[in-house]
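The values are calculated or read from the model by the stated rules, or taken from the named source; none is laboratory data. Model, not experiment: these values are computed from the prediction. Every residue, glycine among them, receives a Cβ derived from its backbone with ideal geometry; neighbour counts consider all protein chains shown. Surface areas here come from the heavy atoms of the whole protein model, side chains and all, with no ligands, DNA or RNA. Shrake-Rupley method; radii C 1.70, N 1.55, O 1.52, S 1.80 Å.
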Amino acid sequence: MGATPEQIHEMFSYCMGFARTMLEKAGDFYPFGATLAPDGVVAAIGGYNGEERPSPREIYKLLSDAFVAGALNGQFAGVALAANVNIPAQYSPTAPDGLRVQLESSGYARYVYVPYRVKKEGIFKKKIVVEFDEPFSVDIAANFFVSTS
């Protein structure tokens, strides 16, 4: 059974909120995700490979592999994998930096890009402010739910 549009939106909303928090606190973030259990519960997922400063690509691969395994064994009804990316110029983004969320469920696979800008405000105590632009989606081939698509 695939995820409902509302459940997919819940995973996406979680990813946007967490990305905003990390950008405001640290100015960057490692890949992270959210999963949807068959009973409809959305859970946050992070990756750790034992290194203090791992490569973001390694964390992305670690999470991706876990999502493939979880989808195959029925542990997940949907997944969202978020990464901090440079949005490809072919999409004419409003800003080059972006949150990319790979959303998948049975029969559904998309990248959702959210261009953003990071600004510093304040004279003495600098505060990081994140401005997200309108998200846009791109259909992709399934990576996690390949056997059920």
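Which is farthest toward the positive dipole end of the chain among 96, 113, 72, measuring Cα position about the Cα centre, with Cβ charges +1 (Lys, Arg) and -1 (Asp, Glu)? Final value for the positive-end residue is 96. Projected label points at residue 140 and residue 119, each 7 Å from Cα along the beta carbon direction, are separated by 3.0 nanometres. The Rg/Rh ratio of the chain, with Rg taken over Cα atoms and Rh as the Kirkwood radius over Cα pairs, comes to 0.99. Max-minus-min Cα coordinates of region 1-80 on each principal axis give 37, 25, 14 Å, with the largest extent listed first. Under the criterion of Cα pairs below 8 Å and six or more residues apart, the relative contact order for region 90-149 equals 34 percent.
Rounded to the nearest 20 debye, the dipole magnitude of the chain is 560 debye, with +1 charges on Lys and Arg beta carbons, -1 on Asp and Glu beta carbons, and the Cα centre as origin. Normalised by the number of residues in region 1-65, the average gap of Cα pairs under 8 Å and 6 or more apart makes the relative contact order 27 percent. Here region 67-86 and region 88-149 have alpha carbon centers that stand 16 Å from each other. Normalised by the number of residues in the chain, the mean separation of alpha-carbon contacts (under 8 Å, six or more apart) gives a relative contact order of 22 percent. Solvent exposure of residue 94, expressed as accessible area, is near 90 Å², computed with a probe of 1.4 Å over the protein chains only. Straightening the chain between residue 21 and residue 49 buys 7.8 nm, computed as 0.36 nm per residue apart minus the Cα-Cα spacing.
The value given for region 54-141 is a Kirkwood hydrodynamic radius of 14.8 Å, derived from the mean inverse Cα-Cα separation. Taking other residues whose beta carbon is less than 12 angstrom from the beta carbon of residue 95, and scoring Lys, Arg as +1 and Asp, Glu as -1, yields -2. Along the Cα-to-C-beta direction of residue 128, a point sits 7 Å from the Cα; which residues of region 71-109 have their amide N less than 20 Å from that point? Residues 82-87, 95-101 qualify, since their backbone N sits under 20 Å from the label point. Largest GNM mean-square fluctuation across 116, 108, 91, computed for the chain with C-alpha springs under 10 Å, falls on 91.
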